[in-house]
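Q: Before anything else, here's the structure in question.
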Amino acid sequence: MPPTRCALVGLPGSGKSTVGRQLARRLQLPLVDLDQRLEEVLGTSIRQYFEECGEDAFRDREQALLAELAAEPGPMVLSTGGGAVLREANRSALRQGFGQVFYLRATPEDLWRRLRHDQTRPLLQVDNPLARLRELHRVRDPLYREAANYVIETGRPTVHTLVNMVAMQLEMAGAVPVRT
Ligand code: S3P
C-alpha cells in the first residue's frame, strides 16, 4: 500500500486543524499544519505577516511551502489554510501531491458562530465578518470543490464523527487499512 497522504481544505473555522490533528492521531500518521509550519518559517504570526508584508507576499510563501510539502514523499495528513486553494498552482499541487483531498464544508453562518470572537484571522478583522464569510464562501466554494475528491458537510456532526467520516472514506479508497 502506498503511503497515506491526505489533505483537508475549507474556509477558516471549518475544522481543518482540529479534524487533521485527531485524524493523524487516529491513523498514526504525521500531521503538518500548513499555517503553523508557515508561522515557523516566517518567524512571526500570520496576522503580523499580513500586516507587514501584505497578502500577496503571504500567498507566495504559502505556495512555495505547499509545493515543497507536495513533493515530499512519505505519509502525511495536511491541514491547509483557508486560502490555499486560491491559486491554480496550489490546487494542482494538492491534487497531485495528496491522493485524497477533503473539503470540510460549512455555511458562512456556522463559521461566523464559531469565529465571531476570533482575532487571529486577518481576513475577518472587518466591520462585518459575516458578510466577508459569505463572500469568501461564494468565491471559494467552487475552488475547494475543484481541489477536493470529497465534500464533507460539517454542519451537524461532532468532530469525532467527522474524523470517522474521513477515515471511512480513506478505508474505502484503499488508502488506509480497514479497521477491524
Ligand atoms: C486564510 C486563512 C487562514 C490563514 C490566513 C489566510 C484565508 O487559515 O492561512 O489567515 O485566506 O482564508 P485558516 O483557514 O486556518 O483560518
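Any read-out appearing in this document is the output of simple, stated calculations on the displayed coordinates, not a laboratory observation. As the structure is a prediction and not an experimental result, all values here were calculated from the model. So basically every Cβ, Gly included, is an ideal-geometry build from the backbone, and we count neighbours across all protein chains shown.
Q: At most 13 other C-beta atoms within 10 Å and a DSSP loop state: those are the exposed trypsin sites (Lys or Arg not before Pro) I care about. Give me the longest piece of the chain that has none. Could you put the intermediate results ahead of the total?
A: Working: sites that count: ARG116, ARG179.
Between exposed loop sites, the widest span is 1-115.
Q: Rg/Rh for the stretch 113-180: what does it come to with C-alpha atoms and Rh from Kirkwood? List each step's numbers first, then the result.
A: Details: Rg = 16.0 Å, Rh = 14.7 Å.
Taking Rh as the inverse mean 1/r over Cα pairs, Rg/Rh reads 1.09.
Q: Just from its helices, what would the mean residue ellipticity at 222 nm be for the chain, if runs of 4 or more DSSP H residues each count -39500 (n - 2.57) and the sum is divided by every residue, rounded to the nearest 500 deg cm²/dmol? Walk me through the numbers on the way to the answer.
A: On the way: 8 runs with 97 residues, N = 180.
It comes out at -17000 deg cm²/dmol, rounded to the nearest 500.
Q: Still on this structure, I have one more. In what sequence do THR18, THR4 fall when counting other Cβ within 10 Å, fewest first? Please report the intermediate quantities before stating the final value.
A: Working: THR18 15, THR4 20.
Ranked by crowding around the Cβ, least crowded first: THR18, THR4.
Q: Multiply the residue separation of THR158 and GLU52 by 0.36 nm, subtract the distance between their alpha-carbon atoms, and state the gained length in nm to one decimal. Display every interim value, and only then the final one.
A: Values: separation 106, 0.36 × 106 = 38.16 nm, distance 3.69 nm.
Full extension of this stretch gives 34.5 nm more.
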